[in-house]
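Just so it is clear, none of the values below were taken in a lab; they were calculated from the coordinates. Note that the structure is predicted; figures quoted are calculated from it, not measured. Don't worry about glycine lacking a Cβ; one is built from the backbone with ideal geometry, like all the others, and counts go over all protein chains shown.
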Amino acid sequence: MIPYIIPSEGTNDLGHDSDLSLRGNGSQPVVRVKNLNVFAGEHHILKNINLEIPRNKITVLLGPSGCGKTTLLKCMNKLTDLYKELKVSGSIYIDDDDILNAQGYIPEIRQRMGLLSQRPFPLPMSIFRNVSYGIKLKGISDKKLIAHNVEKYLREVGLWEEVKDRLNQPATSLSIGQQQRLCLARGLAVKPHIILADEPTSALDPISSKIIENLFKELKKNYTIILVTHVLRQAVRLADNVVFMYYGEIIEQGPPERLFNEPATEKLKEYIYEGN
Amino acid sequence: MRKRKQIEEAIFMFLLRVSTYSLIAILAFIIVIIFVKGFGALNPDMVLKTPKGGFYYGGEGGVLNAIVGSLYIAVGASVIAIVLGAPAALYINVHLVRHKRTRNVIRYLLDALWGIPSIVYGAFGFTLMLFLGMNASLIAGIVVVALLITPIVVRTFDEVLSTIPIGLHEASLALGSTNTEMAFKVLFKQGLPGFITAVLLGFGRGIGDAASVLFTAGYTDLIPTALDEPAATLPLAIFFQLGSPIPEVRERAFAAAAILTIIILIISLSARILSKRYSRSNIR
């Protein structure tokens, strides 16, 4: 089990994993994908992907629908296990652990990554228990500590003031935008250092989308964010690093200024042209 | 063209209405017939007393023995079905998610078990009892009815679980759940309303079945006080009394049928209320 930070004296704060050595060297990439191939039957979904995700940056996986962005994201926390038809080979190193060929305990490696889906999937329980669920999975049973952290992470996503008087109500009673922020708080509560976000604003209205985007800008100080999107403008607004994918291949990658101003390939040029 | 579509729409709407309301009319007709025919015998004695001497010739008493026996068997069988059924359905939907062929074979076998007539279960139970040297008893009735209703519980719950969005599986696993934690802490909760319906569907089938308990639970005028004693059931009470040449006894058969119907209606209503209550937290 990953060690939980011992709360500092006089506080119930669980602290943050950024203090832990398991985060590794700040200059090293946090995720390294090597020779990743994914097949669905005869269909080659991801073709020999090699990729490094820089720490504490927003990396945007950009590309048209069906190009394999979501599959790549799901490979990173091995959720491809849920899909019988997918055959995955290669390596994905999260810090130094290869999650695809892990000798260790997969749930613990998954806890290093928070997941935000296209539409929110709150657990079938109360608002409070949605956030406390992951904390309890880490073996924490101290009620005060749990309550403190529930509040902390709900505050972190700007939801506390909106829900503090109805924590025991079902999470489904929240609006879609609030549910998405709840899912983000729930993911942060297990203290990941990577956030996997799969088109997290696609089901949201513009105001809720803006809130999530602003949150990402704040969160990147402490987290590495990998964001899947096909919306060019969102990539421009958020990306520190862009990976452009097309039909299962990485076509170009690099800083957004270079990719969007001087695309090296016709495919990206065409995508930018159509996007504009 | 528009006129033709309007006529088509009107005809199909009429047919749909007829199908729906004719089913409700049949249910109402059954209930009315049973209550009208059994009304004369529906009195407190009927539910509060066991059969006295000469009951089957029009003497005093009631069918308390059969009510209690039926409830014992249906509750006992439901408990076994819950214990076996919930883990089985969760296993199919969580651990066999990458084993489609195995999953399909299991589902096919469960469907086959569901389709086996209850008299076959009764005959199987009777053969087993002879082999074990057992007499007709409450425990034999419970076990055979459990075998009868478990496939119903598993497949109904399985169908509910299979409709849970994959996103909820992913959300749970991404938080660090093991498959078992996901199954019992998340998927079971999400499927709880469906599970309640499944159990009460099984309960309803179990309490209303005569053939499976005919050879296994036997029949007695007494309320069973131990698992190895025979137990009366409402379906058999109806069966035995309905064949009587005495009108008062036949009237009691309808009264017993009315009691069984009331129990099943209460169960159905409870299922709806409980399902609604537990579905408030569920994602849709």
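Starting from segment B:172-188, take each residue that is within 7 Å of chain A (Cβ to nearest Cβ) and list its partners that are of a type in the set (Phe, Trp, Tyr) and part of a helix (DSSP H, G or I), counting only C-beta distances under 7 angstrom and pairs at least six apart or across chains.
If the second residue must be of a type in the set (Phe, Trp, Tyr) and part of a helix (DSSP H, G or I), the pairs left are B:Leu175/A:Tyr133.
Which condition breaks for A:Ala264 when tested against (1) within 24 Å of A:Leu36 (Cβ to Cβ); (2) out of contact with any Leu (no Cβ under 6 Å at 6 or more places or on another chain); (3) touching a residue at least 60 places away in the same chain (Cβ under 8 Å); (4) of a type outside the set (Asp, Glu)?
Every listed condition holds for A:Ala264 apart from (3).
Select from segment B:205-216 the residues that are in a helix (DSSP H, G or I) and either touching a Pro at 6+ places or on another chain (Cβ under 7 Å) or surrounded by fewer than 20 Cβ atoms within 10 Å (Cβ to Cβ) (or both) and list them in ascending order.
Start the filter on segment B:205-216 by keeping residues that are in a helix (DSSP H, G or I), which leaves B:205-208, B:211-214.
Hits for segment B:205-216 are B:Gly208, B:Ala211.
Could you check segment A:48-96 and list, in sequence order, the residues that are surrounded by 16 or more Cβ atoms within 10 Å (Cβ to Cβ), within 14 Å of chain B (Cβ to nearest Cβ) and assigned to a strand (DSSP E or B)?
Within segment A:48-96, A:Leu86, A:Val88, A:Ile94 qualify.
Which of the residues that make up segment A:226-260 are touching a strand residue (DSSP E or B) at 6+ places or on another chain (Cβ under 9 Å) and acidic (Asp, Glu)?
A:Asp240, A:Glu249, A:Glu252
Among B:Ala41, B:Ala89, B:Ala25, which is the only one that is closer than 27 Å to B:Val145 by Cα and surrounded by 11 or more Cβ atoms within 10 Å (Cβ to Cβ)? Working first, answer last.
Working: B:Ala41 fails: closer than 27 Å to B:Val145 by Cα; B:Ala25 fails: closer than 27 Å to B:Val145 by Cα.
Of the residues listed, the single one that is closer than 27 Å to B:Val145 by Cα and surrounded by 11 or more Cβ atoms within 10 Å (Cβ to Cβ) is B:Ala89.
For segment A:179-220, which positions are among the polar types (S, T, N, Q), away from chain B (no Cβ under 14 Å) and either crowded, with 21+ Cβ neighbours inside 10 Å or in contact with a strand residue (DSSP E or B) (Cβ under 6 Å, 6 or more places away or on another chain) (or both)?
A:Thr201
Evaluate the following for B:Gly76: is it among the small types (Gly, Ala, Ser), in a helix (DSSP H, G or I) and crowded, with 18+ Cβ neighbours inside 10 Å? Quick ask: steps written out before the conclusion?
Numbers: among the small types (Gly, Ala, Ser): yes; in a helix (DSSP H, G or I): yes; crowded, with 18+ Cβ neighbours inside 10 Å: yes.
When the stated conditions are applied, B:Gly76 passes them.
Taking into account only those residues within segment B:262-284 that are among the hydrophobic types (A, V, I, L, M, F, W, C) and surrounded by 12 or more Cβ atoms within 10 Å (Cβ to Cβ), which is farthest from the chain's Cα centre (by Cα)?
Let us first name the residues in segment B:262-284 that are among the hydrophobic types (A, V, I, L, M, F, W, C), namely B:262-267, B:269, B:271, B:273-274, B:283.
In the following step, the residues that additionally are surrounded by 12 or more Cβ atoms within 10 Å (Cβ to Cβ) were identified as B:262-265, B:267, B:271, B:274, B:283.
Details: B:Ile262: 14, B:Ile263: 11, B:Ile264: 8, B:Leu265: 12, B:Ile267: 9, B:Ala271: 12, B:Leu274: 16, B:Ile283: 27 Å.
Across segment B:262-284, the extreme among qualifying residues is B:Ile283.
Here is a check on your reading of the model: is A:Ile146 at the interface with chain B (Cβ under 10 Å from one of its Cβ atoms), aliphatic (A, V, I, L, M) and assigned to a helix (DSSP H, G or I)? If you could, list the steps in order and put the result at the bottom.
Details: at the interface with chain B (Cβ under 10 Å from one of its Cβ atoms): no; aliphatic (A, V, I, L, M): yes; assigned to a helix (DSSP H, G or I): yes.
It is false that A:Ile146 is at the interface with chain B (Cβ under 10 Å from one of its Cβ atoms), aliphatic (A, V, I, L, M) and assigned to a helix (DSSP H, G or I).
So in segment A:97-121, with the set limited to residues that are over 17 Å from A:Ala185 (Cβ atoms) and assigned to a strand (DSSP E or B), which one is nearest to the other protein chains (Cβ to nearest Cβ)?
Ranking the candidates gives A:Asp97 first.
Residue by residue, here is whether (1) in contact with a Gly (Cβ under 9 Å, 6 or more places away or on another chain); (2) of a type in the set (Gly, Ala, Ser) holds:
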| site | (1), (2) |
| --- | --- |
| A:Gly104 | no, yes |
| A:Pro107 | yes, no |
| A:Met113 | yes, no |
| A:Leu116 | yes, no |
| A:Arg129 | no, no |
| A:Gly139 | no, yes |
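Can you name the number of the only condition in (1) more than 30 Å from A:Met113 (Cα to Cα); (2) polar (S, T, N, Q); (3) outside any helix (DSSP H, G or I) that B:Thr150 fails?
(3)
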